[in-house]
1. If you keep only loop residues by DSSP, which trypsin sites (Lys or Arg not before Pro) in the range 319-371 have at most 15 other Cβ atoms within 10 Å of their Cβ?
2. Taking a 25 Å limit on the Cα-Cα distance, which of the listed pairs Lys110/Lys159; Lys416/Lys494; Lys821/Lys859; Lys64/Lys817; Lys740/Lys780 fall beyond it?
3. Give the peptides 134-141, 630-637, 700-707, 275-282 in descending order of average Cβ contacts within 10 Å, highest first.
4. So, by mean Cβ neighbours within 10 angstrom, what's the order for 24-35, 638-649, 823-834, 740-751 with the highest one leading?
5. Where a ≥ b ≥ c are the square roots of the eigenvalues of the C-alpha gyration tensor, would you call the range 716-867 rounded, which needs a/c under 1.5, or, failing that, prolate if a/b is larger than b/c, or oblate?
6. Using the Cα gyration tensor of the range 316-471, with a ≥ b ≥ c the square roots of its eigenvalues, what is the shape: rounded (a/c below 1.5), prolate (a/b larger than b/c) or oblate (neither)?
7. Using the Karplus equation 6.51 cos²θ - 1.76 cosθ + 1.60 (θ = phi - 60°), what ³J(HN,Hα) coupling, rounded to whole Hz, does each residue of the range 684-699 give in order, writing x for Gly and Pro?
8. Tell me the net charge near Lys859. Cut-off is 12 Å between Cβ atoms, Lys859 excluded, with +1 for each Lys or Arg and -1 for each Asp or Glu.
Amino acid sequence: MHVPKRVHSVKVANTSANPAIASHIVGLGASAGGLDALNQFLSHTPSDSGLAWIIVQHLDPTQKAMLPELLQRVTTMKVQEAKEGMAIAANQVYVIPPNAELSVQDGVLKLNKPTEPRGMRLPVNILFQSLAGALGDTAIGVILSGMGSDGTLGAQAIKAAGGLTAVQQPASAQFNSMPESAIAAGCVDIIARAAELPERILAVLSQIPSKSQPESTATMTVSQTWQPELQNSASASVLQHIITQLQRHSGHDFSLYKTSTLLRRIERRIAIHGLDSMQQYVRFLADNPQENDLLFKELLIGVTHFFRDTAVWDYLAESALPALLNQQSDQTELRAWSIGCSTGEEAYSLAMVFCQLQEQQPEFQRFSLKIFASDLSPDAIARARRGHYPLTIAEQVCSRRLAQFFIRHDNDYQIKQHIRDMVLFAQHDVILDPPFTRQDLIICRNLLIYFDAKLQSKLLPLLHYSLRSNGILLLGSSETIGRHHDLFAPVQAKLRFYQRQDPLVASARNLPVHSFPPLSTLTKEHPVPTNKQAPPPTDNLQQAADQVLLQVYAPAAVVLNRAGDIVYISGRTGKYLEPAAGKANWNFHAMVRDSLRAPLALALQQAASHSAPLQLHRLPLSAGDNAMQVDVSVQALHEPAALQGMTMVVFRDVSASDGQDPAAGLDISLAAVQQQYLDEIQTLREEARTSREELQSSNEELQSTNEELQSTNEELTTSKEEMQSMNEELQTINTELQTKLDDLALAQSDLQNTLNSVEIAILFLDQQLNVRRYTERAAKIINLRESDLGRPLSDLTSSLLYPSLHEDALETLRTLKFSEKQIPTNDERWFSVRIMPYRRLDNVIDGVVITLVDISATKTLEAELRG
């Protein structure tokens, strides 16, 4: 891996005549553990770099921040708290205030109240996204120590705008979640320790050409740095080699991309790695396969949204739309549906193409276009309805379209009202919600790639159902119609234009939309049969005669219930039925002869759906022996009520010589067996289908349970994020308080040394006249030791002959008047005792201060003069 060249003292030239204007603005984001990282960063940042530094640290919204004062100690640059409308100057540091969101707009700082509740705020993202929108490819974002993922989305925005992103090396951060999140998102250019980041950033900026070049060179297809290289075929071949290498690695051909875009992205990678030429970068690509992935992502960043893929829109304007309009006979309204419209660029692009087509071909002016644009995100739909887009779309939309279809504001472009009126935006789930039907054109680009094959196979018939006859379907460059060639015919396969066609064989489609099925597939109700009249009752004589005839002349027969069990036997059935071995079993299928079992089982299944009896002829009674044959009649019984739902099986013996071909009966038997097997296969299929439906139902229940668990998990995640945010704020406060404690300890040490170095005895008392602090000289006059702190003054003994010391101290505390007396000691010394109030910085009296100055020499001299 190539090691970037170190730059120990780099000053980026200021592009403005006014030295106070920053050449670049650097945003720094930090959270827990960020104070130490910021100290390291700023202490290694040159004070004359020409850059401005904006710091966003997660702070407690209820506490006053001490961050500016703490950071001022490690840098000579001016560190100040950001204020609304403050101009951004070079070589200065701006710090976010508590309970605010900080952004950059028109070169000044903007402060807003947080919109999200505490614990859900992402101020680093807000700053980075504003830098991306305001500065484009000159934006710089740095992520330092912190918990969570704040800054990742903002870094992606800066990366998408072509800016520079850097993070603290996770191993060197006190809390590595924020740096690791950005690294995992693949949007980081530089990874280094906090102390090394300023040098790395300045090194990259020193190699990137300035944009303050003449207009003539700015409009060329290549930047100033690489112009000499591309003016000969050898240098052009170097660029082509990079494109070829990238195509082999990624499978994507960038040869049709604008040369200026390619070079601008390659320049960034060259500058980040500290290389000197494109030839070096070619070798670097060969030695570092992972760089191919990074360059691939770099080149994909910033792909246009308005009129994305020019060839697609050219074909739509020149061929597809005119063809659709020409085939309209009596309809004057063309209907289109943009699925997954995001923030509306694609839908508005279609509207603009249609308007330009009407201008170029007046015969189409009688038509109107209604565009339905749908997306799952309510935020994206809301932004699309507003129709406001950043000024950077001027690079994507030609000046003619900008003038014709947009209104220029100070900070953005707005779609004109007549274009917005052509588009109807709606929050819509294409999988679950009813589709927009009777469409002439459906644009569904780069949506199917997010779905699996099963869902794609369901969604494409839905799109077919939503289109009118000969309607057009436009898919993304990586999407196809799969196996649905019966539904769509390619019109321009390379550009993914397909035309709806009616399938040759009409079949029911399993559409994902269940609430709006076609009427032709609705299940029709069957007529309810009228009740038949019961047969007239018969007299007893008829019943008796019938009974005798049945017993003497009737053939052998059995009556079966729904389970196939024998409930009644008539005649001699021994030739056809025999008890099964083992436990007694009256089931017909277990007792019937083997040669009869298969055809009779099939006949019993079919009899339930037939009103007339089923006749089976010349069935052999034993396998391989056609001498004994039997005709069998199977009939389902519906009346009388006692026999309803039962089946009667009647056996009639026949001989093989009754004029019938013996093989015919065998053929019938084999056909019956074959039919039975086919029916069993059908039954198995139905059982499998039932099992699939049950599994699908179980899967839906599991999905519902999973959604509930996911909802619970999201709530827990939200609580975790809130706790994490509060923990980060507490970490910041703890760091600030620890710094204050260190300062306080140092101040206390300074005070103690000052008191000990002064040749004056001083005694500090609180409001209750208890000992608070004293000097060493005071301990020699008043009997004091360390354990006497907090002891009342009245409990102390001293060498002073001053019995009213306690009363004078109380009087001073009461009247706030100074008291000064000359007091002798029992060892013949004199002291000037001064008692004064102890006044705090907030002007509150909090005790008294007693000073004792040795005036023994003065008293001795005074006595000598008097003598």
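The values are calculated or read from the model by the stated rules, or taken from the named source; none is laboratory data. Keep in mind the model is a prediction, meaning the values are calculated, not measured. All Cβ positions, glycine included, derive from the backbone under ideal geometry; neighbour counts span all protein chains shown. Only protein heavy atoms, including side chains, enter the accessible area calculation; ligands, DNA and RNA are left aside. Shrake-Rupley method; radii C 1.70, N 1.55, O 1.52, S 1.80 Å.
1. Arg366
2. Check vs 25 Å cut-off fails for Lys416/Lys494; Lys64/Lys817; Lys740/Lys780.
3. 134-141, 630-637, 275-282, 700-707
4. Those peptides, ordered most packed to least, come out 24-35, 823-834, 638-649, 740-751.
5. Cα axes put the range 716-867 in the prolate bin.
6. Working: a/c = 2.07, a/b = 1.17, b/c = 1.78.
Oblate shape, in that a/c is at least 1.5 and b/c is the bigger or equal ratio.
7. Ordered by residue, 3J(HN,Hα) equals 4, 5, 5, 5, 5, 5, 4, 5, 4, 5, 5, 5, 5, 4, 5, 5 Hz.
8. With Lys, Arg at +1 and Asp, Glu at -1, the neighbours total -2.
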